[in-house]
Amino acid sequence: MPWTQVCCCYDGTFPGFLTCVFESYVNKEEPVEFRTPDDPCCSLYPQRTILTHENHAMRVYRSLEGKLGRVGRDLFVRGFLTCLPEKELWLWRFLRMGYSQGPSFLRNLTDPTVDRVRRAVQHLNGEAHQYKGFVRFSDYHGILAGEIEPKNRVLPLLRPHFRGRYPGENLILHDRTHREALFSRPEQWAILPVEDVQLGPPDEAELAYRKLWRSFYDTIAIQGRYNPKYRMGHMPKRYWAMMTEFQKDWDTALPEISNPSCPKKQPLV
Amino acid sequence: MELLDKLNILADAAKYDAACTSSGLDRSGRPGTVGSTMMAGCCHSFSADGRCISLLKVLLTNYCVYDCQYCVNRRSNDLPRAAFTPRELCELTMGFYRRNYIEGLFLSSAVIQNPDYTTERMIETLRLLREEYRFGGYIHAKAIPGADPLLTHRLGLLADRLSVNIELPSAQSLSRLAPDKGRQAIFTPMKQIRDGITASKQELKLYRHAPRFAPAGQSTQMIVGATPESDRHILSLTQSLYDKYHLKRVFYSAYMPVSTSPLLPAPQDFQPPLLREHRLYQADWLLRYYHFRAEEILDESQPDLDPRMDPKCCWALRHLDFFPVEVNRADYEALLRVPGIGVRSARRILTARRAGPLTFEGLKRLGVVLKRAQYFLTCSGRAPRGLKISEDGLLRRLIALEAPALAEPMPEQLSLFDSVG
């Protein structure tokens, strides 16, 4: 007998999603839609509200490595961080394939489900790798703070990198798209939802380094090889807003007012 | 002089050096230090010319005793000169590194006084950076030709990657344009670094804490377009550098008109050979990742790379008897020879065909560029439906595929109405 098709409402967390999987198998119901509290519209399918249950989620999580293999488990877990539309549904199908066929199903790279999930995770990994380079930190009295606007939720992937790179530093990395931030101290870290992070005005030393960096950036380009298309291919413009080398106006204005030795802009008459 | 001015002068002096990477070594950060390195390297920005900025690329100084014609920093060139003190450069590197502007330091130098003194200054800077500032990020240092081998060795113990630029592709050009540098002076440190790396790897097998000498290997660069060497000459040189000196990378740098010397192409309306450089890099990739040999890519009958098409397509067109390749049977090496199949998609094909026979539809999902590959493949013995094409038509289609990507405008069609002469 085919499973009843239902719409799962859950809290949007990964344990919540795993609980949905657990409940679906227990009740023999197939989720065809997933709703989180953020989604406004209602569904035509019978709704099931799933409350996150830690132990049930753990049971599903523990099954992943055996059924999907280590590679499959990582794809599944990372898949949840991606911006793939209807990612829960794709991951549910992915999991069903794994449960029925075992880890060898991953070989079937031409299968639409495997392909979708693999591509989405590849996009996530690619974006995380780019952000390892494109994040810009500012020094606020000994705390390094940076902001990003990623499409995928890259913070969990960036955490080990930046904690490893700056073992003695206090870090804040704010993800503006998903409204969460990584807070890291040498001995502990957390990724917490935040409403808004307001970074105060940078101090003199910080501004001096920004100026040096912008100047280096402008100098290092060879005029005879100017190639904006090539640059945009490697570093799309959506990254630019957060990068020091492109923020020409808003923070250089500050020291030029306080420092009278800098020539002021002449008004155009 | 202000730090900002020094940075401008010395970054400007270093920017023509293309051999600048941050790859080849995985090292995680340790408590008490700052910095780590990544095997794949990491680009922190891209400059307006589209090249990756991963390291703080500067010269320690641009005061030079040499007078190499192709170089901006030659003695006879009238330029503002500057020099970093070791501490200034360390502060700058750490300040940039903490803010995640850079992946590490690329340290090169013009030859001040003599090669030994120059290397000593570089060693002093790197020692300060590693020992006092506890910097664990990537350091790429230039070995200065003509320096004492012991100094080069010390430099290699502090840096992650070393490079010696061979500058020009042949001994004749080198003696003409860089009379102060001999070919021997360039290959001696290269040989020394190669042997140092081999010895260090041996020692590390025996003693876990043995000092590591240039653990990310060595690289080099040469200038293309300033001298009359053919692509074939350059590629065979590259091949022998990979074979004999185990280089990680060979970089090509299209000559930029920085000099009015009569020995060099005149700077007036000289176009830097950017497309040629691009084709050379494509051929270089074939050597390093696609199991090609230089003599396969070019031979006496064809000394230069075809600007209209990538070298792999050219090879395929000259070896049509090798094709079509059967996707479901062919081995990895054969798959790599197909235009439109890269290292990743070849690996994916090997994995995916264990699950079942592949079709053209499936190949698209694996990332194969079918618009190029379709002419050279069969899936279970079948070519793509409706594809029948002559040898001549194939050439035209492949050229047409690349035409939009080439920056240069296509040749204009002749018109009957243009005035003649």
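The values are calculated or read from the model by the stated rules, or taken from the named source; none is laboratory data. Everything numeric in this text was worked out from a predicted model, so none of it was measured. Using ideal geometry, Cβ is built from the backbone for each residue, glycine included, and neighbour counts are taken over all protein chains shown.
Can you spot a residue in the range A:95-109 that is within 18 Å of the chain's Cα centre (by Cα), on the phi < 0 side of the Ramachandran plot and modelled with pLDDT of 95 or more?
So far as the range A:95-109 goes, no, none of its residues is within 18 Å of the chain's Cα centre (by Cα), on the phi < 0 side of the Ramachandran plot and modelled with pLDDT of 95 or more.
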* Asked: Just checking, how many residues over the range A:92-124 are closer than 23 Å to A:Pro15 by Cα, within 11 Å of chain B (Cβ to nearest Cβ) and touching a helix residue (DSSP H, G or I) at 6+ places or on another chain (Cβ under 7 Å)?
  -> 3
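Results for (1) of a type outside the set (Lys, Arg); (2) part of a loop (DSSP other than H, G, I, E, B); (3) over 22 Å from A:Tyr226 (Cβ atoms); (4) not assigned by TED's automatic domain parsing to the domain that holds B:Met94, shown as yes or no for each residue.
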| residue | (1), (2), (3), (4) |
| --- | --- |
| B:Ala40 | yes, yes, yes, no |
| B:Asp49 | yes, yes, no, no |
| B:Val58 | yes, no, no, no |
| B:Gln69 | yes, yes, yes, no |
| B:Leu79 | yes, yes, no, no |
* Considering B:Leu155, B:Leu174, B:Leu162, which residue is crowded, with 17+ Cβ neighbours inside 10 Å, in a strand (DSSP E or B) and assigned by TED's automatic domain parsing to the domain that holds B:Ser28? -> B:Leu162
* **Count - residues of the range B:11-37 that are more than 15 Å from B:Glu103 (Cα to Cα), surrounded by 22 or more Cβ atoms within 10 Å (Cβ to Cβ) and in contact with a Gly (Cβ under 9 Å, 6 or more places away or on another chain)** => 0
* **Residue selected from the range B:38-51 under the condition more than 7 Å from every other protein chain (Cβ to nearest Cβ) and under 17 Å from A:Val135 (Cβ atoms), by the criterion surrounded by the most Cβ atoms within 10 Å (Cβ to Cβ)** => B:Met38
* Pull up the range A:130-146, narrow it to residues that are assigned to a loop (DSSP other than H, G, I, E, B) and more than 14 Å from the chain's Cα centre (by Cα), then point me to the one that is farthest from the other protein chains (Cβ to nearest Cβ). => A:His141
* Structure fact -> Only one of (1) polar (S, T, N, Q); (2) more than 17 Å from the chain's Cα centre (by Cα); (3) within 17 Å of A:Arg153 (Cα to Cα) does not apply to A:Thr177, and that is (2)
* Considering only the range B:97-139, state which residues are among the hydrophobic types (A, V, I, L, M, F, W, C), in a helix (DSSP H, G or I) and farther than 14 Å from B:Leu10 by Cβ. => B:Ile123, B:Leu126, B:Leu128, B:Leu129
* Asked: Failed condition for A:Glu149, given (1) under 30 Å from B:Ser345 (Cβ atoms); (2) more than 12 Å from chain B (Cβ to nearest Cβ), with all others met?
  -> (1)
* Among the residues of the range B:88-126, how many are closer than 21 Å to B:Ser23 by Cα and among the basic types (Lys, Arg)? -> 2
* Asked: Which residue pairs have Cβ atoms closer than 8 Å, lie 6 or more positions apart in sequence or on different chains, and pair a first residue in the range B:330-341 that is more than 16 Å from B:Leu370 (Cα to Cα) with a second residue that is buried (at least 21 other Cβ atoms within 10 Å of the Cβ)?
  -> B:Tyr332/B:Ala346
* **Subset of the range A:140-158 (residues that are surrounded by fewer than 18 Cβ atoms within 10 Å (Cβ to Cβ) and free of Cβ contacts under 8 Å to residues at least 60 places away in the same chain)** => A:Gly142, A:Ile143
* Structure fact -> Considering the range A:1-59, residues that are surrounded by fewer than 20 Cβ atoms within 10 Å (Cβ to Cβ) and among the aliphatic types (A, V, I, L, M), and then whichever is modelled with the lowest pLDDT, we arrive at A:Met1
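Please work out if A:Gly168 is touching a His at 6+ places or on another chain (Cβ under 7 Å) and either free of Cβ contacts under 8 Å to residues at least 40 places away in the same chain or surrounded by fewer than 16 Cβ atoms within 10 Å (Cβ to Cβ) (or both).
Against the criterion (touching a His at 6+ places or on another chain (Cβ under 7 Å) and either free of Cβ contacts under 8 Å to residues at least 40 places away in the same chain or surrounded by fewer than 16 Cβ atoms within 10 Å (Cβ to Cβ) (or both)), A:Gly168 does not qualify.
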* Asked: Which ones in the range B:260-294 are acidic (Asp, Glu) and within 14 Å of chain A (Cβ to nearest Cβ)?
  -> B:Asp269, B:Glu277
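Step by step: first the residues of the range A:180-198, then only those that are surrounded by fewer than 13 Cβ atoms within 10 Å (Cβ to Cβ) and not aliphatic (A, V, I, L, M), then the one that is nearest to A:Leu81 (Cα to Cα). Which residue is that?
Residue satisfying both the conditions and the ranking: A:Pro193.
Being touching a residue at least 24 places away in the same chain (Cβ under 8 Å), within 8 Å of another protein chain (Cβ to nearest Cβ), under 17 Å from the mean Cα position of the chain (by Cα) and under 17 Å from B:Thr93 (Cβ atoms) is true for just one of B:Lys15, B:Lys57. Which residue is that?
Matching residue, one of B:Lys15, B:Lys57: B:Lys57.
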* Out of the range B:311-367, which residues are more than 10 Å from chain A (Cβ to nearest Cβ) and at positive phi? -> B:Gly340
* **Subset of the range B:252-288 (residues that are in contact (Cβ under 8 Å) with a residue 60 or more places away in the chain and either closer than 19 Å to B:Leu174 by Cα or assigned to a loop (DSSP other than H, G, I, E, B) (or both))** => B:Tyr252, B:Ser253, B:Tyr255, B:Met256, B:Val258, B:Ser259, B:Ser261, B:Leu263, B:Leu264
* To do: Identify the single condition in (1) buried (at least 18 other Cβ atoms within 10 Å of the Cβ); (2) at pLDDT 90 or above; (3) not assigned by TED's automatic domain parsing to the domain that holds B:Leu126 that B:Ser236 does not satisfy, given that it satisfies every other one.
  => (1)
* Qualifying position, being assigned to a helix (DSSP H, G or I), of a type outside the set (D, E, K, R) and free of Cβ contacts under 8 Å to residues at least 12 places away in the same chain, among B:Gln239, B:Gln184, B:Gln192 -> B:Gln184
* Options B:Ala373, B:Ala316: the member that is under 17 Å from B:Ile297 (Cβ atoms), small (Gly, Ala, Ser), in contact with a Pro (Cβ under 8 Å, 6 or more places away or on another chain) and in a helix (DSSP H, G or I) -> B:Ala316
* Structure fact -> Counting only residues that are surrounded by fewer than 16 Cβ atoms within 10 Å (Cβ to Cβ) and aliphatic (A, V, I, L, M), the range A:235-252 contains a total of 1
* What number of residues within the range A:75-85 satisfy the criterion of being in a helix (DSSP H, G or I) and over 13 Å from A:Val114 (Cα atoms)? -> 2
* **From the options B:Asp321, B:Asp304, B:Asp331, residue that is among the acidic types (Asp, Glu) and within 27 Å of the chain's Cα centre (by Cα)** => B:Asp304
* Asked: Hey, does the range A:214-234 have a residue that's surrounded by fewer than 16 Cβ atoms within 10 Å (Cβ to Cβ), more than 13 Å from every other protein chain (Cβ to nearest Cβ) and not in a helix (DSSP H, G or I)?
  -> no
* Search the range B:388-407 for residues being more than 26 Å from B:Glu277 (Cβ to Cβ) and of a type in the set (Gly, Ala, Ser), and hand back the single one that is surrounded by the most Cβ atoms within 10 Å (Cβ to Cβ). => B:Gly393
